[in-house]
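*Asks:* Submitted below is the structure of interest, expressed as structure tokens.
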Amino acid sequence: MNPMLAIGQDVVGIFLMLAILLQSRGSGLSATFGGDSSVYRSRRGVERRLWQFTILLAILFCVFSEVSFTSLGK
């Protein structure tokens, strides 16, 4: 496995975990079981950018995983 791929995947994974933890919606254990009584609202400003950044990081993580998986077969 290419060490640069492994380092890249580790860095993207750490930032992905941080981005997920920074999401404010659904915080708390009661929200896990449907106890969240907040009404639906759209994301705005920083919250929307964080959500888009999280999606981008998830896609990058999948790309790094796929590239490192295919490089193992060579």
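The values are calculated or read from the model by the stated rules, or taken from the named source; none is laboratory data. All of these numbers come straight from a predicted model, not from anything done at the bench. Positions of Cβ are backbone-derived with ideal geometry, glycine not excepted, and every protein chain shown enters the neighbour counts.
*Asks:* Can you give me the number of residues within the stretch 50-74 that are assigned to a helix (DSSP H, G or I) and charged (D, E, K, R)?
*Replies:* Counting residues in the stretch 50-74 that are assigned to a helix (DSSP H, G or I) and charged (D, E, K, R) gives 1.
*Asks:* I'd like to check something: does the stretch 28-49 contain any residue that is surrounded by 13 or more Cβ atoms within 10 Å (Cβ to Cβ), polar (S, T, N, Q) and either at pLDDT below 90 or not in a loop (DSSP other than H, G, I, E, B) (or both)?
*Replies:* Within the stretch 28-49, not a single residue is surrounded by 13 or more Cβ atoms within 10 Å (Cβ to Cβ), polar (S, T, N, Q) and either at pLDDT below 90 or not in a loop (DSSP other than H, G, I, E, B) (or both).
*Asks:* Moving on. Could you list all residues from the stretch 52-74 that are more than 10 Å from the chain's Cα centre (by Cα), β-branched (Val, Ile, Thr) and over 11 Å from Leu5 (Cα atoms)?
*Replies:* Thr70
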